[in-house]
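**Student:** Take this structure, written in structure tokens, and hold onto it; I'll ask about it next.
The values are calculated or read from the model by the stated rules, or taken from the named source; none is laboratory data. Note that the structure is a prediction, hence the values are computed from the model and not measured. Cβ placement follows ideal geometry from the backbone for every residue including glycine, while neighbour counts extend to all protein chains displayed. What goes into the accessible areas is simple: the full protein's heavy atoms, side chains included, and nothing from ligands, DNA or RNA. Shrake-Rupley method; radii C 1.70, N 1.55, O 1.52, S 1.80 Å.
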Amino acid sequence: MSETIKLSTGEITSVQGVVAEEIQHLKAAVKRAATKAAKAKNDIYETEKARDDARDRIREEKAKKKAEAAGIASVRERLMTADEFMDAEAAAALVKDVLDAGGLSMLIGHRGTYKTTVALAIALCIACGIWWGRHQTTRGRVLYLVGEGGGRAFGIRIEAWLTHHRITREEIRPWFMGLNGAAPFMSAAWDELVDVAKEFGPSLIVVDTLARHQLGLEENSNSDASEALSKADHLRAQTGAAVMVLHHPPKSGGGGRGAGAWEGGADSVFLLEKDEPVKGQVKMTTTKQKHRPETGQWAFRIEQVEVRENGTWPTSMVPVHADPFVVDLAAQEAKAAENAALHAEVLDFIRGREAAEMAPNMTTFRDHFQATGRRQKALDALAELKRRGDVETASGFRGAQVLHVVTEATVIPFSQSGGGSDAS
């Protein structure tokens, strides 16, 4: 028989009944708490989802605004059919067969290869609408970013070029502007430059030099270089201008110094070499052209042109296009003179060994010219002398090849001819 208890209401009930009712009450409370927790969890999820969606919308809006600012259309707007690609208007040529409108180019050269001198000449030819050597230009405004050597030092360069080409200040004044001092890519000055350039409307912008404009960036980092490159691309997109970047190569090698992102992103790359193709001249060679064969090569002699009295510099440099036929002849003559000198040196070496009664065999010959760093050139010269009959070989001790100079063999000293005109 179960125990009974009297409730406060006066009702008599069993203990088991009270316990069972309490259990049901607790179960209901637990169920209500679980339902409430699930709802709270769902509310938190919905809140976080709404927050993430808002962040995504903000991110997309920022990306859209950034793309719009850079002049980049949406993916859908940029989709083109094969016909549209083939029928699209081609870029105009700023310098025919050399520089295209709106492209990115690099002019690379060691210190002393006249990078600024050559780049300024190209820029001024475009600003004046005159031919650059044998290449026609399309006249357009030029904005030159003078990262180093600005002020009057840059002014005498312009003055000398104008004097040489007999062009007045009035003719160029509306067509040329320069920024005195660098505007680093990652600075507020660069963003301001974009706005100023949009107002000026240049066809060409020269960045002189890359090193001066990538302050704060790691030169060997491709990610940093890509950021800087995107700044240059933004400038091109906003202005429609071609951008030419001046850069230094490494101590050895012909490419640009540091990360390869710049050369990879460039449409055209040109290399300057001093004392090439002949001493006293500068050679400019195309090393990359995205849209045409890499065949461009030019030679310049550097003339000193008098400028107005300024208390410091009496002259400044102007590059003058050298006649390619004269350059080719001079290069051939220089090569012939070098060969003649090496032939004479080879003959003198063999004769000297013979006079000392030291058999001049091929081993001693190779060792001697290996030490001078000209082993292969000397071997080529020896082969030529043997072909001409000036040097003979005979079997020596243990089958060694002994060299012998024919008694009357001689090399007539090469006399370099002078003369030749230059075309400016």
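**Student:** Arranged from highest to lowest average of other beta-carbon atoms within 10 Å per residue, in what order do the peptides 93-101, 114-122 appear? The partial results should precede the final answer.
**Tutor:** Numbers: 93-101: 20.0, 114-122: 22.8.
Order by mean packing, descending: 114-122, 93-101.
**Student:** With all protein chains present and a 1.4 Å probe, how do 309, 354 order by accessible area, largest first? Don't skip to the end; give the middle numbers.
**Tutor:** Numbers: 309 165, 354 60 Å².
Result of the area sort, largest leading: 309, 354.
**Student:** Let me ask something additional. Determine how large the accessible area of residue 298 is when every protein chain is in place; take a 1.4 Å probe and give Å² rounded to the nearest 10.
**Tutor:** Answer for residue 298: close to 30 Å² accessible.
**Student:** Right, here's the next one. Once Lys and Arg get +1 and Asp and Glu get -1 on their Cβ, which of 211, 197, 226 lies farthest toward the positive end of the dipole of segment 187-233?
**Tutor:** 197
**Student:** Same structure again: Report, in debye and to the nearest 20, how large the dipole of segment 138-275 comes out about its Cα centre when Lys and Arg carry +1 and Asp and Glu carry -1 on their Cβ.
**Tutor:** The calculated dipole for segment 138-275 is roughly 520 debye.
**Student:** So which of 288/386; 288/335; 115/290 end up more than 31 Å apart, counting from Cα to Cα?
**Tutor:** Those over the limit are 288/386.
**Student:** While we're here: Using Cα pairs closer than 8 Å and at least 6 residues apart in sequence, work out the relative contact order for segment 145-238, in percent. Don't skip to the answer; put the middle values down first.
**Tutor:** Working: 70 pairs, mean separation 34.9, N = 94.
Worked out over segment 145-238, it gives 37 percent.
**Student:** Can you put 74, 221 in order of accessible area, largest first, using a 1.4 Å probe?
**Tutor:** I get 74, 221, largest accessible area first.
**Student:** Now, a different point. Rounded to the nearest 10 Å², what accessible area does residue 217 show when all protein chains are kept and the probe is 1.4 Å?
**Tutor:** Only protein atoms counted, so the area is about 40 Å².
**Student:** On to the next question. Sorting check: for 193-205, 376-388, 138-150, which peptide has the highest mean count of neighbouring beta carbons within 10 Å, and how do the rest follow?
**Tutor:** 138-150, 193-205, 376-388
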